[in-house]
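See below for the structure under consideration.
The numbers here are math on the coordinates, done by the rules we state, and not lab data. As the structure is a prediction and not an experimental result, all values here were calculated from the model. As a convention, Cβ positions derive from the backbone with ideal geometry for all residues, glycine included, and neighbour counts pool all protein chains shown.
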4 protein chains.
Amino acid sequence: MAFTAVRPLRFGDCDPSGIAYFPSYLHLLVGVMEEFFDSIGAPWPVMMGERRISVPTVRLDITFSHPGVHGDVLDFALGVRRVGKSSLDLIHRITCGGTLLWSAEQRIVATDTDTHRARPWPDDMRAAFEQHLESTNV
Amino acid sequence: MAFTAVRPLRFGDCDPSGIAYFPSYLHLLVGVMEEFFDSIGAPWPVMMGERRISVPTVRLDITFSHPGVHGDVLDFALGVRRVGKSSLDLIHRITCGGTLLWSAEQRIVATDTDTHRARPWPDDMRAAFEQHLESTNV
Amino acid sequence: MAFTAVRPLRFGDCDPSGIAYFPSYLHLLVGVMEEFFDSIGAPWPVMMGERRISVPTVRLDITFSHPGVHGDVLDFALGVRRVGKSSLDLIHRITCGGTLLWSAEQRIVATDTDTHRARPWPDDMRAAFEQHLESTNV
Amino acid sequence: MAFTAVRPLRFGDCDPSGIAYFPSYLHLLVGVMEEFFDSIGAPWPVMMGERRISVPTVRLDITFSHPGVHGDVLDFALGVRRVGKSSLDLIHRITCGGTLLWSAEQRIVATDTDTHRARPWPDDMRAAFEQHLESTNV
């Protein structure tokens, strides 16, 4: 099963045409991704601050299917697609009341916070991702 | 030739790891896209307010090649790839000092601001896009 | 007692110096204010969309006492200070683990969503504010 | 004379009620402040990165006088009010076509980027502020 999180679509996330402003959607997405890392025991303040691991995005393919409107309750579902040596492929589906609003495929890469160079995932994080991968596929 | 715009990468666009926060990149991108519409004589306040045409994004595929850092001067280049009946395919390249930082392919669709349904491009906008398409290809 | 809400301080709310970016604090504050209106039975989508009442801010005085850092859990407390004919004075205190990070005094005004002109609070909203005012003072 | 900067009020800075979203105003304000520091020879990437000086805001009092609407061209004017040992008091006036939209009084403090503790302004920055102070008053 995928990691899930709920976010109301707030006034400040919408634009003058009354629908979600897509850069705000992505700000929400990054927050959900951070919450996913909390859930697997790798909170970002520790991961980035002490372990010096950053997780920049290198690919992001988004399809917006249906406009989100102010007041919508957004259901984020995040699944693990593939765990590479230093990369991680995620899939996101964002629905409201069962209707798909948008979806995204995202590749992040583990980097050294100081040099910005790719580095392998540490064993504990890799194991957590793989457990999530298996449970995603069942 | 593509439409171009310059944007400094400001403090408020960067994250605790010291590089550009990607949702902020996309906020900048929307601003550049709005400036492109200014340049073809279709400023958004009039287009959306009076003509009731909105231009939501339906597809966005982004590749982040190199991290942008605070103080970088970003060169945005926007080209027209294809003009559909009610869609428009854009390509974006964002460089700093000639180095590619990120690129994106984007599809937007003309919709009725009130109903959010797709509608054809008006003739003047279509002509402007096509002129840009030709000049992009030369 | 004041209305309260909890918000983690996320990666995307922090700046390259590693502390909260204050415009992001204010984006969170607007979300908390919207949640307060939910709690008194005046959700903004209905209030703005159907009843045509907007609530712009006309005064905002903020004191930042202590920097918030990535990973802090923020406790927002919102109290009603004064209910005017068409204005509302709010006070906000944002703490982390009991330490005051920042506080704000805010005046909002009820306006007509279409004309942007001030208008009196409707009776139900005024009653809800006043109940909150009393309970805040006890 | 004050330092000035021009900013169009873009689609992405406005809210569903069609006017400027105030946290976006403040994001623009921080960018203007950064540009002011550029103008006095203290660009933030160098100031923060090499000299380890940060400039957090400790007080901000804002009055919103008139709503800004999508498409407005905003004229930011920034003046220096007072130069303290480690503090700096700024005043901001934001107008559109001569009409005051909002104004703010802001106190920032020089801190050590690593310890977040107050520190005195270096001589070159103090001198630049004071020159601006004088020229502001003339």
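Computed values, structure above
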quantity: Selection from C:VAL46, C:ALA128, C:ALA20, by position along the positive dipole direction of region C:3-130 (Cβ); calculated: C:ALA128
quantity: Computed helical MRE - 222 nm, chain C, DSSP H runs ≥ 4 contributing -39500 (n - 2.57), nearest 500; calculated: -9000 deg cm²/dmol
quantity: 14 Å beta-carbon shell around B:GLY71, net charge (K/R +1, D/E -1); calculated: -4
quantity: At 7 Å out from Cα toward Cβ: B:ARG51 inter-copy label distances (nm, ascending); calculated: 3.7, 4.8, 5.1
quantity: Inter-copy spacing of A:ARG82 label points, which lie 7 Å from Cα along Cα→Cβ, given in nm from shortest upward; calculated: 2.4, 6.1, 6.3
quantity: Spin-label model distance (nm) - B:ARG119 vs C:SER103, 7 Å beyond Cα toward Cβ; calculated: 5.1 nm
quantity: Within region C:3-130: Cβ-based charge dipole about Cα centre, in debye rounded to nearest 20 (Lys, Arg +1; Asp, Glu -1); calculated: 340 debye
quantity: Net charge dipole size for the protein assembly as shown [Lys, Arg +1 and Asp, Glu -1 on Cβ; Debye, nearest 20]; calculated: 0 debye
quantity: Expected-Rg normalisation [2.2 N^0.38 Å, Cα atoms] applied to the protein assembly as shown; calculated: 0.97
quantity: Two-site label geometry, C:VAL58 and A:VAL73: point separation in nm, points 7 Å out along Cα→Cβ; calculated: 3.5 nm
quantity: Share of alpha-carbon pairs per 5 Å distance bin for region A:7-119, given as whole %; calculated: 2, 11, 20, 22, 17, 13, 9, 5, 1
